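Encoded as structure tokens, the structure appears first; notes follow it.
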Amino acid sequence: MKLHTLSVQDALYALQSREEGLSEKEARKRITDYGYNELSGQKPRSLLSRFAEQFNDFMILILLGAAFISFLTSLFEGNADFTEPLIILIIVVVNAVLGVAQEAKAEHSLALLRKLSAPEAQVIRDGKRKLLPARELVPGDIILLSAGSMVPADARLLQAEQLRVDESSLTGESEPVKKCADCRLAAETPVGDLINMVSAGSVVISGHATAVVAYTGMRTQVGKIADLIQQDISPDTPLKKHLAHTGKLLGITVLAICLFVFLLGTIQGRPVFTMFMTAVSLGVAAIPEGLPAIVTIVLSLGVQRMAKKKAVIRHLAAVETLGSATYICSDKTGTLTENRMTVTELSNGKKTLAENEPEAKPLLLCAALCNNAYFESGGSGNGDPTELALLNAAKKASLCNPMPDTRYRRLAEYPFDSSRKCMSTVHLLSGSNIFPLPAMPQDTYAFLVCKGAPEVVLSHCTSLYDNGAMTPLTAPLHRALTDYCNQCAERALRVLAVAYRPLTDTSCRKLLDRNTPANQAERDLILLGFLCLMDPPRPEVRECVRICREAGITPVMITGDHALTARAIAADLGICSPGDRPVTGEELAAMSEAELIECVGTCRVFARVAPEHKVAIVRALQARGEVVAMTGDGINDAPALKAADIGCAMGRGGTDVAKEAADMVLLDDNFSTIVAAVREGRGIFANIRRSVHFLLSCNIGEIITILAALLLGMPSPLLAVQLLWVNLITDSLPAAALGVEPTEKDVMQRPPCNAGKSLFADGLGFKIAFEGAMIGGISLLAYVLGNRFFHAGSTMTFAVLSLSQLVHAFHMRSDHPLAEIGFFTNPKLLLSFVICAFLQISVITFPFAAKIFSVTPLSRSAWCVVAILSLMPLPIVEMQKRIQKA
């Protein structure tokens, strides 16, 4: 049932209501039928289910399996040594706790959406006015609206007097919407153009109205948005996909290698139990136990750095997604623009006027007089945004202090009317307050000021005030003025014309005494000029758009505003070319899925869109393989913010619903913060990639050390507890320190991180294999030299394997040589090296620790060999970097 297509009486009939309102008995019955006027929510997940979800990872499951096998093996051997399984379990549980602590989204979004319903509403029931909780409203209730009211439910207007409603948080349109009760609209009229309806959550700016409730709860426009948020499933981030794939690949590979080692040793005639323990040790060595925790730590540190730059991350795993973003879909109002109407140009139609010019003063003063906005004692303004913009322009020119009404007393007003498209006021001219027009006749007692649509005001004018003289408004001049206004409209400027007429004492009294109609009072006017207004773009956005394009990111405007306005602002910001044609929501609705996917690949401006269109655009881009960041501040942005790979809400001007649906909140509402966040996101992704590179190359080195020894017929050079210790040393502080590596200077000159690429793309797989073979070869050499010359092969292998990995961490900082980036530019990595090297040397040196790890003390010469072998990765990898760079 589309009530906006019906007349007032038909709408009342369709809702089985009447102007006297429903009876209390009928209202109670309808509550049973329709439910309360509130938004339903999803059942929140329990803490236990959230915790269990953290273990839904292939690599984590293998780690748990390794811990369980190690536990059973310890029981079977009868030594009750549970150190290994306990350490693995601690790492896994800590990671799960960190993950649970970061989760909070849909439940908070819906709770805030429920708060949008006005807590109380003026209702007529049984012919009497009552104040009721808004949740008790039902379809058919008659509600009363006045300035300042929040609309409690979607309703069809019955009567409206000068009603203007702010729907910017629902539609994205910055201008309050003038409502009309008597009109009937087409069935397919977009939400933003339903002028005979009011929507829940919108705010009455001026006027008053009576309306019949049409939809409540989840059937309102806000309810549909809540339903979209409930139905939508946030996509996995690129990193999460990569790590899941890497975990499965690594787990399967490890299982295959362990099985191969076990079978090979058994075939060689080695004891079955010994080979089983060796295979388990190899599994422990191969799996980077600390990888999940390191990724969480790196992301958490990234969150802290981004918070200092005014970008608060609400979803930990989504931090790096910005680094992979290929599209930024931005709402216009309040995001790309200031959401504040501003006078940007003054003109008399023949030339542009500076605000300090004498000719501009009467134009600005009259615009401030014919105005119902006002300043409070604290200096803040109240009223219609357009009128407030005019008042601010006059204040800037020092024409509004004190308020103009105190100097030019208002005698009468002809309110704005949609049929007249203008407003007029009559003001007294007395005392020393001489109106600043030299052409004012000597017998002037008062004057009428008219402000409104240029075509209407021009039709009432007979002359133009130009440089202190009156110029007759001839047909050619009229056409020239009309052309100027049309050109302004093409530049997305809203144009208001201002004119005046001097009144003698006699003519003023006649006008007031006889209640002269507006069309007779607004005649023989003198045109003062035009004021051009717009919701101006944020000054920093142009540069941000340029940087985004340079970084391979495509900015797109998605707005509920008009197409002409959207295109002009987008072209001004560099988002699109001036000749590009915007696509409207109506056109989007008519497209098939395939047509929409093709359209989003070329279109950069979408106008007059509804919330479901925004979600469809985001999903169509994702279907093209794009990683989409969505920015916004209104209620209408919430579903798209959640559907996007990462949603960015505005912290100051944004609605609470948008903030809670987003992954990131920009505290300063500054579009440039998004660019800083993208840069930081790319740096975080690079740091996580470094950590994965480091951990896997080290673990491959451990695998090669054991596997090569086995193939060469040697005993296992390392015990399981030694392997676990090496993993803990290298998987902890050095890997975490790589996570805070400063972002490289040229990161925004590179293309976005390809979400479809494997973590091992761009030669990373080869580097990991080469460096792992290097570490394994050096460690095996230590084993051979230790056995032959020092009778401490296992201990030297243990020391070299650990220390060489600590040295190797320095190479992970960049693909550039260390000499270029500076050896000391990451002090945390230096500190981690010192701490971990001290711990490694301590477990060999101190007898108590040496007994636990089954190692023997080393002589000075043995330590010298260990030092030389441990430093060997330094020249080898540096030479590899220079060869690749050449």
Problem set entry | Gain upon complete extension [residue 652, residue 266; 0.36 nm per residue less C-alpha separation] | 132.2 nm
For this session: Could you calculate the FRET efficiency of residue 594 with residue 834 from 1/(1 + (r/R0)^6), where r is the beta carbon distance between them and R0 is 56 Å, rounded to 0.05?
Result: 0.40
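Suppose R0 equals 41 Å. What FRET efficiency, 1/(1 + (r/R0)^6) with r the Cβ-Cβ distance, do residue 128 and residue 186 give to the nearest 0.05?
So the FRET efficiency works out to roughly 0.65.
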For this session: Show the residues, 5+ positions off or on another chain, whose built amide H is closer than 5 Å to the amide H of residue 558.
Result: 330, 331, 332, 606
Exercise. Could the peptides 763-775, 462-474 be put in order, highest first, of the mean number of other beta-carbon atoms found within 10 Å of their residues?
Worked result: 763-775, 462-474
Exercise. What pairs from 451/510; 25/224; 310/659; 25/128; 224/614; 2/224 go past 18 Å between their alpha carbons?
Worked result: 451/510; 25/224
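Could you give the length gained on full extension between residue 668 and residue 350, defined as 0.36 nm per residue of separation minus the Cα-Cα distance, in nm?
On the way: separation 318, 0.36 × 318 = 114.48 nm, distance 4.04 nm.
So the extension gain works out to 110.4 nm.
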Seminar exercise, completed: Cross-link reach from residue 851 to aspartates and glutamates, straight Cα distance under 17 Å and at least 8 residues apart if same chain, gives 81, 84
Seminar exercise, completed: Packing-ranked peptide list from 778-788, 196-206, 181-191, highest mean Cβ count within 10 angstrom first, is 196-206, 778-788, 181-191
Seminar exercise, completed: Rounded to one decimal in nm, the spacing of the 7 Å Cα→Cβ label points at residue 90 and residue 823 is 3.4
Exercise. Simple spin-label model, 7 Å along Cα-to-Cβ: residue 245 to residue 487 in nm?
Worked result: 5.5
For this session: Pull out a ≥ b ≥ c, the square roots of the eigenvalues of the alpha-carbon gyration tensor of the range 779-853, then state rounded if a/c is under 1.5, prolate if not and a/b is larger than b/c, and oblate in the remaining case.
Result: oblate
Seminar exercise, completed: Checked the range 430-582 against the a/c 1.5 cut and the a/b vs b/c comparison, axes a ≥ b ≥ c from its Cα gyration tensor; verdict prolate
Exercise. Non-local amide H neighbours of residue 503 (under 5 Å, H modeled in plane, Pro and chain starts lacking H): which ones?
Worked result: 445, 446, 447, 448
For this session: Starting from the Cα-Cα distance between residue 623 and residue 543, subtract it from 0.36 nm times their residue separation and give me the gain in nm to one decimal.
Result: 25.9 nm
For this session: Arrange the peptides 616-626, 675-685, 799-809 so that the one whose residues have, on average, the most other Cβ atoms within 10 Å appears first.
Result: 799-809, 675-685, 616-626
Exercise. What is the spin-label model distance, in nm, from residue 884 to residue 850 if the labels are put 7 Å beyond Cα along the C-beta direction?
Worked result: 4.0
For this session: Take the alpha carbon gyration tensor of the range 599-649, find the square roots of its eigenvalues, order them as a ≥ b ≥ c, and report rounded if a/c is under 1.5; if not, report prolate when a/b exceeds b/c, else oblate.
Result: oblate
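The numbers here are math on the coordinates, done by the rules we state, and not lab data. The structure displayed is predicted, hence computed values, not measured ones. Cβ sites come from the backbone with ideal geometry, for glycine too, and all protein chains shown count toward neighbours.
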